[in-house]
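Below is one structure, written out as structure tokens; the observations come after it.
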Amino acid sequence: MMDSQNEIVFASFNFEQNGFGDRKRRERAYELINEIKPDVLFRQEMNGAGANGRAMLNEAAEALQMDAFLGERSCTGLFVRGGVFTTVEQWPTPHPLMTMPPTAVTAQLRAAGPESMPLILVAGHLSYCSPELRLIEAGLVTTFNDKKRITMPDGSVRRGLMVLGVDANSYPSGSALATGDLPLPPMDEVRDRPHRAHRSRRSALGGLRPDQEPHDRLVTAGLDDVARLCAARSGRRVGATMNASSSHGPKTRVDWIMASSPLRSVWTRCDVVDASEVSDHHIVVARARLSELIAVLAGPVLDVG
């Protein structure tokens, strides 16, 4: 494993219902996260984190020793390690149509220097029940990859590069066989009929097929699926982010870390950490080589004009 001083760690975790109000469950989740030691943590299902003066958000920030940001309606959250990143701004929700608004923050990697390009860090959660709305939401999320004119505190204009941690409630696009990904679940193996409707689309022949459109929209917009990228380099298959269940069918990969394509060279590995003792989702962990990340962010400014 790479020396932690030579890498930047990004993790994405849908902690089910933010622990259902159970403090011991939250504390165990914090322990799991602290074992990973992420520099950036994308969170989904931040239920209740905005209540009582943001007491639960503050609790998490203290437990993780990270700066905490909460999206609208406490649907998503973002945690950033202050000694590693300098936060520039928090973005509003791209559109009120989004049922579970993302949390998006512009942050500058300190080690890359004050003149470096910033990262736009986005914690996302696409619609649970509507394939049509998920596709729209995925399109709205891609607008964070359009930020070619970010005004920094010193007045300079930079191009931002995006890293997204998302529970997409849908499946990766393309052929699983060709990409080393998990097989797509046959829709008749998703026994819960509402869930089957939530996760599927009609095929050209009239049957049901897994919904893959949000992933395709993100990839088309210039975002790499980091797990697939690392699997292709290592020859290892990607891991499931949700276990098989009697209602949801076979194990699946619905949680992704995706990043702007200019960052392609920085990723060294992407793993899934078992969190089944506290959540129905596991933790996705992507690791970037610090020296390469500095080289990209401190390199020539991209696409400003």
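The values are calculated or read from the model by the stated rules, or taken from the named source; none is laboratory data. Since the model is a prediction, treat every value here as computed from it, not as a measurement. With ideal geometry, Cβ positions are generated from the backbone for all residues, glycine too; neighbour counts draw on all protein chains shown.
If you check Leu97, Leu121, which single one turns out to be in contact (Cβ under 8 Å) with a residue 12 or more places away in the chain and farther than 30 Å from Ser156 by Cα?
Of Leu97, Leu121, the one residue that is in contact (Cβ under 8 Å) with a residue 12 or more places away in the chain and farther than 30 Å from Ser156 by Cα is Leu97.
With (1) under 23 Å from Gly160 (Cα atoms); (2) part of a helix (DSSP H, G or I); (3) among the aliphatic types (A, V, I, L, M); (4) touching an Asp or Glu at 6+ places or on another chain (Cβ under 8 Å) as the list, and Ala259 as the residue in question, which single condition is left unmet?
Single failed check for Ala259: (2).
Working only within the range 269-288, note down all residues that are buried (at least 17 other Cβ atoms within 10 Å of the Cβ) and either among the acidic types (Asp, Glu) or part of a strand (DSSP E or B) (or both).
Result: Arg269, Cys270, Asp271, Val272, Ile283, Val284, Val285, Ala286, Arg287, Ala288.
Anything in the range 85-105 that is more than 21 Å from Gly50 (Cα to Cα) and surrounded by 18 or more Cβ atoms within 10 Å (Cβ to Cβ)? List them, or say none.
Those that are more than 21 Å from Gly50 (Cα to Cα) and surrounded by 18 or more Cβ atoms within 10 Å (Cβ to Cβ): Phe85, Val88.
Can you tell me how many residues within the range 229-247 are surrounded by fewer than 21 Cβ atoms within 10 Å (Cβ to Cβ) and either in contact with a Gly (Cβ under 9 Å, 6 or more places away or on another chain) or not hydrophobic (A, V, I, L, M, F, W, C) (or both)?
Final tally of qualifying residues: 12.
Within the range 25-47, which residues are surrounded by 17 or more Cβ atoms within 10 Å (Cβ to Cβ) and within 23 Å of Arg73 (Cα to Cα)?
Arg25, Arg26, Ala29, Tyr30, Val40, Leu41, Phe42, Arg43, Gln44, Glu45, Met46, Asn47, listed by residue number.
Conditions (1) crowded, with 20+ Cβ neighbours inside 10 Å; (2) farther than 26 Å from Asp154 by Cα; (3) modelled with pLDDT of 95 or more; (4) of a type in the set (Gly, Ala, Ser), marked per residue:
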position	(1), (2), (3), (4)
Phe15	yes, yes, yes, no
Arg23	no, yes, yes, no
Thr76	yes, yes, yes, no
Phe79	yes, no, yes, no
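Between residues in the range 177-191 that are under 26 Å from Asp271 (Cα atoms) and among the polar types (S, T, N, Q) and residues that are in a loop (DSSP other than H, G, I, E, B) and modelled with pLDDT of 90 or more, which pairs lie under 8 Å by C-beta distance while being six or more apart or on different chains?
From the range 177-191, the pairs are Thr179/Pro172.
Report the residue count in the range 158-214 for those that are assigned to a strand (DSSP E or B), in contact with a helix residue (DSSP H, G or I) (Cβ under 9 Å, 6 or more places away or on another chain) and of a type in the set (D, E, K, R).
2
Among the numbered conditions (1) under 20 Å from Ser265 (Cα atoms); (2) buried (at least 22 other Cβ atoms within 10 Å of the Cβ); (3) not hydroxyl-bearing (Ser, Thr, Tyr), tell me where Pro172 comes up short.
Among (1) under 20 Å from Ser265 (Cα atoms); (2) buried (at least 22 other Cβ atoms within 10 Å of the Cβ); (3) not hydroxyl-bearing (Ser, Thr, Tyr), Pro172 violates only (1).
Answer yes or no: is there a residue in the range 46-68 that is hydrophobic (A, V, I, L, M, F, W, C), in contact with a strand residue (DSSP E or B) (Cβ under 6 Å, 6 or more places away or on another chain), on the phi < 0 side of the Ramachandran plot and part of a strand (DSSP E or B).
Yes: one or more hits.
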